[in-house]
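Student: Attaching a single structure in structure tokens format; questions to follow.
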Amino acid sequence: MSLPLVTVTEPTFSDFMAARWAPLFRTAYLLSGDQHEAEELLQSALARTCVKWSSIREKGAADAYVRRAMVHQMSSRWRRPRRELATDELPERGHGGGLDVRADHLALWEEVRRLPPRMRATLVLRYFEDLTVEATARELGTSVGSVKSQTHHALKRLRAALPDLELQP
Amino acid sequence: MSLTELRESLSAVSDAVPVPPPDVAGLHREVRRARARGTATWAASLGAAAAVALGGSALVASLGGSGNPAAPADSHVARDQDAVPVVVDGHLRIVDGDALGPVGPAVATVVGSTPHGVVVLTDDGTLGRVAEPSGALEPIVSDRVRTAYLDGDAVVYENERGLIRWRGIEPSVQPTDSAQTEQGRLMASASGIAVIAEAKGLMLHDSAGVHELYLDPDEVNVIRGVDAGAGPVVAVRTDAGVEVFWDHGASGAGLPGDRIGALAPDGHTYARPTEDGRAVELLDPRTMNATPVAGPSGQVSGLGWSPDGDLLVVVVHEGTATLWRCGPNGAGCAGEVDDPTGTLRLR
């Protein structure tokens, strides 16, 4: 890669990708619940981000741009009948068994994976990315009320699936 | 386990997942494809899980239903798909084609059209039907009625004692199904569902059971109206905006803005005025895609859908109300009739 002739303060897209690939992949995995799908999702979102890179004024907010691109792309897939059918097919239990995590974390993750994609995305943005309700609504392109509603129903489902756990809002 | 532990679980899983190296060649291919697609739009990014359609239109389980009594075969007035019941100056009128029919009985609310006449509610709580455009009001029930909705050709109503009843509108058919709610108010009914505001929240009753339609108490103070459509899809208009629910209330979308609006009977389209209130747009709640409706202009005072799925718009311009009728997709709008009193309304 040739160096630029003038000093620039803003990171290039390549810099951004090198620095943020791993954390964004982890988010993509939590959003999609699948390694291969996560890779495709992130790659596609990064490609779109690359095309738009010059118009992204706040490069520090590029993570949010990529996340929004991933959520948008997933929402398009959810709307397609093929994906709608697929969301009804619950992931097989034990899929995450290859991950080296504690059994209770794994049990909870398996139930999170079984949530409808939009609910899962809401939980991931709120409790993994630690976004506020308002920021989550912006990234999902929905209202604050919807985010609260999705969170409420997601936690309700997790409580129903794992009655021994005491998830309190 | 607390939310902290949910955070820890997500964090532990994300730390444990093996991260593959970036596929740079693949990324270049994607970039070329993205450029070829031109400028992508990222503004609308609302997704939704699959809506779960209910089979048939079974009677609401919680109302103790035993089925919809067959509509009488000898009904003497067939529903005219083009006729639209409206209220002008407090009286029922039928708009047929581009003519405003003769003055009918005094009514408070038009409940809807059925093959057996127009079902209306009067100021004194009489639930009745009007079989002829200028005909008299025939009471359907002896109860005094607070609210009523059509579910196909049956009517679901709440009487003055809070009893929610269901029955066919043909007077010879006796009510057989009823349910007493605890301080509940019937908010909407259609397509085999009922939405009831109860002490524990706004509840959707359908053949699969009872489901909460969650409204954030921090955001919502007032429910202004509830529409129910096929799917079932329920649109709840509040002082904070419109919440549209599907998937038995588990999925939904929010449309900001305190405006009037109406959910299409098919549950796929929500009609509402544009932000300035002087035109109409159709929204797909699942995608937030908005389609402007060309034609009606002026202060939008009413929105509704005909039983056959046409969009109805009332606009007031210089004191005259005009009823517009458009296709289900908002196309082909035409002004049907002008009301110089400016009082014409759809319900």
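Student: Determine whether A:L99 is facing chain B (nearest Cβ under 8 Å), over 14 Å from the mean Cα position of the chain (by Cα) and modelled with pLDDT of 70 or more. Spell out the reasoning first.
Tutor: Working: facing chain B (nearest Cβ under 8 Å): yes; over 14 Å from the mean Cα position of the chain (by Cα): yes; modelled with pLDDT of 70 or more: yes.
Here the answer is yes, as A:L99 does meet what is asked.
Student: I'd like to check something: does segment B:133-151 contain any residue that is among the acidic types (D, E), in contact (Cβ under 8 Å) with a residue 12 or more places away in the chain and either surrounded by 23 or more Cβ atoms within 10 Å (Cβ to Cβ) or in contact with a Ser or Thr (Cβ under 8 Å, 6 or more places away or on another chain) (or both)?
Tutor: yes
Student: Mind listing just one residue for me: the one in segment B:253-262 that is touching a Phe, Trp or Tyr at 6+ places or on another chain (Cβ under 8 Å) and touching a residue at least 40 places away in the same chain (Cβ under 8 Å) and, of those, nearest to B:S207 (Cα to Cα)?
Tutor: B:A262
Student: Among the residues of segment A:102-121, write down those that are in a loop (DSSP other than H, G, I, E, B) and surrounded by fewer than 20 Cβ atoms within 10 Å (Cβ to Cβ).
Tutor: The answer is A:R102, A:R114.
Student: Sticking with this structure for a sec: Test A:L90 against the stated conditions and say whether it is more than 8 Å from every other protein chain (Cβ to nearest Cβ) and either assigned to a helix (DSSP H, G or I) or at pLDDT below 85 (or both).
Tutor: Considered against the rule, which asks whether it is more than 8 Å from every other protein chain (Cβ to nearest Cβ) and either assigned to a helix (DSSP H, G or I) or at pLDDT below 85 (or both), A:L90 comes out as yes.
Student: Name the pairs whose Cβ atoms lie under 8 Å apart, with the first residue in segment A:136-158 and closer than 16 Å to B:L213 by Cβ and more than 8 Å from chain B (Cβ to nearest Cβ), the second at pLDDT below 85 and in a helix (DSSP H, G or I), and 6 or more positions between them or separate chains?
Tutor: These pairs meet every condition: A:V147/A:L140.
Student: In segment B:106-149, how many residues are closer than 16 Å to B:S306 by Cβ and outside any strand (DSSP E or B)?
Tutor: 1
Student: Next question. Looking at segment B:211-241 only, could you name the residues that are among the hydrophobic types (A, V, I, L, M, F, W, C) and more than 11 Å from the chain's Cα centre (by Cα)?
Tutor: Within segment B:211-241, B:L213, B:L215, B:V220, B:V222, B:I223, B:A240 meet the criteria.
Student: Would you check which residues across segment B:266-294 are under 17 Å from the mean Cα position of the chain (by Cα) and more than 14 Å from every other protein chain (Cβ to nearest Cβ) and list them?
Tutor: Passing the criteria: B:D266, B:G267, B:T269, B:A271, B:R272, B:P273, B:V280, B:E281, B:L282.
Student: Can I ask one more? Enumerate the pairs (first residue in segment B:215-231 and at the interface with another protein chain (Cβ under 10 Å from one of its Cβ atoms); second residue anywhere and of a type in the set (V, I, T) and in a strand (DSSP E or B)) with beta-carbon separation below 9 Å, excluding pairs fewer than 6 apart on the same chain, so at least 6 apart or on different chains.
Tutor: From segment B:215-231, the pairs are B:L215/B:I223; B:L215/B:V236; B:L215/B:T238; B:E219/B:T238; B:V220/B:V236; B:V220/B:T238.
Student: Moving to a separate point now. Given (1) over 15 Å from B:M187 (Cβ atoms); (2) surrounded by fewer than 24 Cβ atoms within 10 Å (Cβ to Cβ), where does B:G252 come up short, assuming only one miss?
Tutor: (2)
Student: Condition first: surrounded by fewer than 20 Cβ atoms within 10 Å (Cβ to Cβ), at pLDDT below 85 and either outside any helix (DSSP H, G or I) or touching a Gly at 6+ places or on another chain (Cβ under 6 Å) (or both). Now tell me which residues in segment A:122-168 satisfy that.
Tutor: Hits for segment A:122-168 are A:L162, A:P163, A:D164, A:L165, A:E166, A:L167, A:Q168.
Student: Do you know which residues across segment A:22-42 are within 7 Å of chain B (Cβ to nearest Cβ) and buried (at least 19 other Cβ atoms within 10 Å of the Cβ)?
Tutor: Residues satisfying the conditions are A:F25, A:R26, A:Y29, A:L30, A:E39.
Student: Within segment B:245-265, work out how many residues are within 24 Å of B:G327 (Cβ to Cβ) and more than 9 Å from chain A (Cβ to nearest Cβ).
Tutor: Total satisfying the criteria: 8.
Student: May I pose another question? Answer with yes or no whether B:P296 is surrounded by 15 or more Cβ atoms within 10 Å (Cβ to Cβ) and not β-branched (V, I, T).
Tutor: Judged against the criteria, B:P296 is a match.
Student: Out of all the residues in segment B:314-340, which are of a type outside the set (G, A, S), free of Cβ contacts under 8 Å to residues at least 40 places away in the same chain and surrounded by fewer than 21 Cβ atoms within 10 Å (Cβ to Cβ)?
Tutor: Hits for segment B:314-340 are B:V316, B:H317, B:E318, B:T320, B:T322, B:D338, B:P340.
Student: Here is a further query. Mind listing whichever residues of segment A:65-86 are more than 16 Å from A:D15 (Cα to Cα) and modelled with pLDDT of 85 or more?
Tutor: Matches in segment A:65-86: A:R67, A:R68, A:A69, A:M70, A:V71.
Student: Restricting attention to strands (runs of 3 or more DSSP E) lying wholly within segment B:288-347, give those where 3 or more residues are closer than 19 Å to B:P265 by Cα.
Tutor: Ranges flagged: B:289-293, B:299-305, B:311-317, B:320-326.
Student: Kindly indicate the residue of segment B:85-104 that is assigned to a strand (DSSP E or B) and not aliphatic (A, V, I, L, M) and also farthest from B:G335 (Cα to Cα) among those meeting that condition.
Tutor: For segment B:85-104, the residue satisfying everything is B:H91.
Student: Continuing with this model, one more query. Looking at segment B:182-204, can you tell me whether even one residue there is touching a helix residue (DSSP H, G or I) at 6+ places or on another chain (Cβ under 9 Å) and either part of a loop (DSSP other than H, G, I, E, B) or within 13 Å of chain A (Cβ to nearest Cβ) (or both)?
Tutor: no
Student: Still on this model: Taking strands (runs of 3 or more DSSP E) that fall entirely within segment B:229-273, which contain at least 3 residues that are closer than 22 Å to B:G152 by Cα and hydrophobic (A, V, I, L, M, F, W, C)?
Tutor: B:233-238, B:241-246
The values are calculated or read from the model by the stated rules, or taken from the named source; none is laboratory data. The structure displayed is predicted, hence computed values, not measured ones. Positions of Cβ are backbone-derived with ideal geometry, glycine not excepted, and every protein chain shown enters the neighbour counts.
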